[in-house]
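Following: one structure in structure tokens, then a few remarks.
The values are calculated or read from the model by the stated rules, or taken from the named source; none is laboratory data. Fair warning: this is a prediction, and the values are worked out from it, not measured in the lab. Cβ sites come from the backbone with ideal geometry, for glycine too, and all protein chains shown count toward neighbours. Just the protein is used for accessible areas: all its heavy atoms, side chains included, with ligands, DNA and RNA removed. Shrake-Rupley method; radii C 1.70, N 1.55, O 1.52, S 1.80 Å.
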Amino acid sequence: MKPLQRVAFIGNHLPRRCGIATFTQDLHRAVSTARPDLETSVVAMTDSDRTYDYPPAVRFEIHDETISDYVQAAEFLNGSGFDVVCLQHEYGIFGGAAGGNIVELLSRLEMPVVTTLHTVLAKPTAIQHDVMQRIIGISSKVVVMSEKGDDFLRSVHDAPTRKIEVIPHGIPDFPFLETHHAKAKFDFSGKMIILTFGLLSPNKGIEIMLNAMPDIIKSCPNAVYVVLGATHPKLVREQGETYRESLTAQVQALGIEDHVVFFNQFVDQATLLDFISMCDVYTTPYLNEAQMTSGTLAYSFGLGKAVVSTPYWHATELLSDGCGILVPFGDAKALSAEIAGLLTNDVRRHAMRKRAYAASRSMTWMQTAKRYLGVFETESENARPGILLPVDAIASGRSGHVIPEIRLGHFHSLCDSTGMLQHAVHSVPDRSYGYCVDDNARALLFSSWLANFGETSLAKSTTARFAAFIQHAWNPDTRRFRNFMSYDRRWLEEQGSEDSHGRTLWALAECAAKDIDSSRRRWAGALFKTALPVVEEFSSPRAWAFSLLGLDAYCTLAVGDILANRLRRLLADRLMSLMAVTETKDWTWFEDLLAYDNARLPQALIQTGLTTHTPPYVEVGLRTLRWLNALQTASSGCFRPVGTKSFGRLRQKPEAFDQQPVEASATISACLAAWRADDGVEWPIEAIRAFEWFLGENDLHTALTDPETGSCSDGLHPDRSNENKGAESVLSYLLSLVEIRQLKRMTAMDRTRPAAKFVGGDVSHTIPPRTAPGSLIVPIPIHESPELISAPGPGKGRRQALQAGS
């Protein structure tokens, strides 16, 4: 294994003025000092309409709202051969909703990503949660700077413990000094200095500290409060210096002009360290607890300062064991009492200083750099050559499952001369429940996909039975399909559900497009056209989605069908309207609840958006699918479908059980549809992760399938699998198996293709096989041979063939 040679950092960078910029520069500098032989570079984030004179270490610049910059940055990083990328994450520094644009870069990278999270929210919005889930999924390791961050990652985001590393905020390695030299330098000799520094903004609690000053002055008449820092640039752009002026007015109103000094400047590190050195007490009177990391606190603590702070998360951890003092939020009297007590008690203040300094020695930038380097080296070593990284993007990526062969023994056992039976007792067909059009439509769909896949096919007579069942299910009097039939061939209803009608339309359209028998193709097309108009009356979103999937196939055959094209727009617009009225910051979905076959809704919008060239459909489809995938990820990283106990519960996190195969199957199809629309590597990874659920990578570590017979259990209960193996389950598994084997075949074929020209957005470049920037080497741990499997690069045209049976 070659040693670590190249590391790139992504984040803000000086001279941009913010804490992340300072942190990125300090970490980059420390890593370079600790490993002088290491080649390091920075990809800098630039805010809109701004320009900065970056130093030579910044090799690439991303304008936060320019998507093509993210894409080209990924190409730069891949093409430069970096071993590891270290991302500095804060929601506000990347463009898009909740900073989601950064995923466009991360999903294209071919090396491990180590992400430092500067903020982890206890109550993120739905979009913030979704973006964070995607970043965690792509990252090989996630670094937080406090135990509270670790806790939130696990409790709020279900992040796997193995991915999390706690590395405290770095600090300068500065000697323990008395204050008088620095005071003389700034002309504060003979004063007792209280300091706050950092970019000025209302959440820092400066007003509270100003209100505390009169009482402090009574106890310590030579006390001076120094506020160091420029006003936050974003605040200046929005309000000018209104906030700073309000603080000045407050000082005047309190009559403490001789005891408060504002330094409106952003200082370099050497000057900053002098300011910290001169203070007797450092204070961070922040207004709420939601501060995961404070660089200003870390620096002052590291220089051995007596600190008085409100109990935000970072302060609570850092100032324990007598290393500082905590006071309640917004309590000026408590703040004044504690600060005055320290200023007037030299022995207590110096004892606290020494404890803080001693406790901080493990936090120096050199020690921090060594810990980061350890993480970089480990993740680089874990990266197997030729496989898209990060390897942990598939939680079960080390399991080495083999893609099963397509076995039809159990499938055939459920079929008779009428069609396909609904249920089974264990593996024995259960005739007491008879048949349904739902399962016979799934069986016809499976037959169409299987025939088009080219590996095997059903006997014509078997497919004919499914077609005959569907034909017999059609009730021209109601213009609807019946659903349930008893074993003695009696229809149990005059019309079935809207969902069963939509699913049958989908199967008919796929049959019309892909069946090997031309006569049956014509039959399917004619019945589809006859049964389509009633869909306009439907109110079920899933019926709309199934119908849209059918229309996607049918409209490729009947391009000029006015009704079909009108209904396709109508149904897609209905889903869009549902989103418009239902979506909130915490709920990115079409309905107020989750039910079954959830992923079919985003799949339908994605496929419709692609074929009708309607980007908003695709965007909503991708966004809702990402949200759903985040909900369907267990803390272990495995796929966890929405449990049936959740069905009908309004806007609540899904229950874990019972888990059904139909959800995994829908997710696989939707993710592969998403991959045709979006180059992000997350999509094939999510599809494979969902397929591995069948094979045992689930909450119970229990395989649901029998590779010899092709059977599939009906699902997972909290304590066991459901040993019944009915039609819906086996067809969900077999349909997914067709898609995953198709994925493997198409990606393997792509490896052998010559270089292709890709032109997209502002990017035009040649893509040689396997190694080009943006090409995807998919880590398919479920394999038929040890050879690596390369997936297509950015050229979306090659992805079109991944639609099952196309």
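Brief remarks on what is shown
- Backbone phi angles across segment 292-303, fed through the Karplus curve with coefficients 6.51, -1.76 and 1.60 (θ = phi - 60°), yield HN-Hα couplings of 6, 9, 10, x, 5, 5, 4, 5, 5, 4, x, 8 Hz in residue order; Gly and Pro are listed as x.
- Fully extending the segment from Ser362 to Ser417 would add 12.3 nm, taking 0.36 nm per residue of separation and subtracting the current Cα-Cα distance.
- Database remark: amide H of Cys86 closer than 5 angstrom to the amide H of Ala8, Phe9, Ile10, Val114 (H placed geometrically; neighbours at sequence offset of 5 or more, or on other chains; Pro and chain starts carry no H).
- Among [x] 36.1; [y] 39.5; [z] 41.1, the entry derived from the coordinates for mean projected area of the Cα convex hull in nm²: [x]
- Residues whose amide H comes within less than 5 Å of that of Ser360, counting only those at least five positions distant or on another chain, are absent (H built at 1.01 Å from N in the peptide plane).
- Cα-projected label distance for His613 with Ala290, points at 7 Å along beta-carbon direction, nm: 4.3
- Solvent exposure of the chain amounts to 36 Å² per residue of accessible area, where only protein heavy atoms count and the probe is 1.4 Å.
- In terms of distances greater than 24 angstrom between alpha carbons, the cross-link table entries Lys191/Lys305; Lys141/Lys204; Lys123/Lys305; Lys218/Lys333; Lys585/Lys653; Lys204/Lys234 yield Lys141/Lys204; Lys123/Lys305.
- About the centre of its Cα atoms, the chain shows a dipole size close to 860 debye [charges on the beta carbon of Lys, Arg (+1) and Asp, Glu (-1) only; nearest 20 debye].
- Segment 94-108 residues near the modelled Ser201 label - backbone nitrogen below 12 Å, point 7 Å along Cα→Cβ: none
- Annotation: extensible slack from Ile562 through Thr33 equals 183.6 nm (criterion: 0.36 nm per residue apart, minus Cα-Cα distance).
- With helices as the sole contributors, the chain gives -14000 deg cm²/dmol at 222 nm; each DSSP H run of n ≥ 4 counts as -39500 (n - 2.57), and the sum is divided by every residue.
- At R0 = 25 Å, FRET efficiency that the Cβ-Cβ distance of His717 and Ala97 yields, to 0.05: 0.10
- Under 5 Å, built H, 5+ apart or other chain: amide partners of Trp474: Arg482
- Calculated FRET efficiency for the pair Ser68/Asn222, C-beta based, R₀ 51 Å, to 0.05: 0.30
- Using θ = phi - 60° and Karplus 6.51 cos²θ - 1.76 cosθ + 1.60, couplings along segment 438-444 (whole Hz; Gly, Pro as x): 3, 6, 6, 5, 4, 5, 5
- For segment 523-538, Karplus couplings with θ = phi - 60° (6.51, -1.76, 1.60), whole Hz, Gly/Pro x: 4, 5, x, 5, 5, 4, 5, 5, 8, 6, x, 5, 4, 4, 8, 6
- Report note on the peptides 181-192, 288-299: ranked by the mean count of other C-beta atoms within 10 Å, highest first, their order is 288-299, 181-192.
- With a Förster radius of 22 Å applied to the beta-carbon distance between Lys653 and Tyr596, the computed FRET efficiency rounds to 0.80.
- Solvent-accessible area assigned to carbon and sulfur over the chain amounts to 52 percent, based on a 1.4 Å probe.
- Among the trypsin sites (Lys or Arg not before Pro) in segment 640-728, those placed in a DSSP loop whose Cβ has at most 15 other Cβ atoms within 10 Å are Arg649, Arg651, Arg720.
- Potential extension, Val347-His181 segment - 0.36 nm per residue separation minus Cα distance: 57.8 nm
- Folded to 0 to 90 degrees: helix 206-219 orientation relative to the chain principal axis, Cα: 30
- Placing +1 on the Cβ of every Lys and Arg and -1 on the Cβ of every Asp and Glu, with no other charges, gives segment 49-174 a dipole of roughly 420 debye about its Cα centre.
- Distance between the modelled labels on Asp173 and Ile406, one decimal in nanometres: 6.3 nm (7 Å Cα→Cβ projection).
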